[in-house]
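Visitor: Dropping a structure here in C-alpha cells format, bear with me for questions.
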Amino acid sequence: MLQQAVANLLDNALKFSPPGSTIRLSAGIVRGLLEISVADQGPGIPADDRNRAIERFFRGESARSTPGSGLGLSLVQAVAVLHGGTLRLEDNHPGLRAVIALPALTTANAPLSRS
C-alpha cells in the first residue's frame, strides 16, 4: 500500500508539473520518523485548500481541467494513517511538496531475519 501511495504522489507530480521541470523523490529519517517526500514545480495547492485537498473527491481550481477523480491524496492520507503516520502538504516554492511521515523502525525493534 505504501508503494501505491508513493505512486499516487508521483502521478500527481507528473500530471501537474510543466514539461521539463524537476520532480524530486526522497526519503530519510527525520526526528525519529521515516519521511518519504515527493516535490514538484507545478502550480501547488493554495494554503487555504491544503486541508481540503485530502478530502475524497476534492478538486481545486487548478485541477479541474486535468483527468482524475479527486481520490489520490485522500488515499495517500488513508495509507499513511493506517501505518500510524501522517501526510503533510507543503509549499515547494514553486510547486507542492507532499510528505508521508511514518514511525521509523530501528534495528532494536525490527524483526530478525534468518536464512
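Yes or no, residue by residue, for (1) more than 10 Å from GLY95 (Cβ to Cβ); (2) touching a residue at least 12 places away in the same chain (Cβ under 8 Å); (3) touching a Leu at 6+ places or on another chain (Cβ under 7 Å); (4) not in a loop (DSSP other than H, G, I, E, B):
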{"position": "LEU10", "(1), (2), (3), (4)": "yes, yes, yes, yes"}
{"position": "LYS15", "(1), (2), (3), (4)": "yes, yes, no, yes"}
{"position": "PRO18", "(1), (2), (3), (4)": "no, yes, no, no"}
{"position": "SER21", "(1), (2), (3), (4)": "no, yes, no, no"}
{"position": "GLY28", "(1), (2), (3), (4)": "yes, no, no, yes"}
{"position": "ILE36", "(1), (2), (3), (4)": "yes, yes, no, yes"}
{"position": "GLY42", "(1), (2), (3), (4)": "no, yes, yes, no"}
{"position": "ILE45", "(1), (2), (3), (4)": "no, yes, yes, no"}
{"position": "ALA53", "(1), (2), (3), (4)": "yes, yes, yes, yes"}
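Visitor: Can you spot a residue in segment 30-41 that is on the phi < 0 side of the Ramachandran plot, of a type in the set (D, E, K, R), touching a helix residue (DSSP H, G or I) at 6+ places or on another chain (Cβ under 9 Å) and at pLDDT below 95?
Guide: Checked against the condition, which is being on the phi < 0 side of the Ramachandran plot, of a type in the set (D, E, K, R), touching a helix residue (DSSP H, G or I) at 6+ places or on another chain (Cβ under 9 Å) and at pLDDT below 95, segment 30-41 yields no hits at all.
Visitor: For segment 58-85: of the residues being surrounded by fewer than 13 Cβ atoms within 10 Å (Cβ to Cβ) and hydroxyl-bearing (Ser, Thr, Tyr), which is modelled with the highest pLDDT?
Guide: THR66
Visitor: Taking segment 23-48 only, how many residues are surrounded by fewer than 19 Cβ atoms within 10 Å (Cβ to Cβ), touching a Gly at 6+ places or on another chain (Cβ under 9 Å) and more than 11 Å from LEU96 (Cβ to Cβ)?
Guide: Residues meeting the conditions: 3.
Visitor: Within segment 97-109, can one find any residue that is of a type in the set (Lys, Arg) and modelled with pLDDT under 95?
Guide: No, there is no match, as no residue in segment 97-109 is of a type in the set (Lys, Arg) and modelled with pLDDT under 95.
The values are calculated or read from the model by the stated rules, or taken from the named source; none is laboratory data. Nothing here was measured: the structure is a model prediction, and the numbers come from that model. Neighbour counts are summed over all protein chains in view; Cβ atoms, including those assigned to glycine, are modelled from backbone coordinates with ideal geometry.
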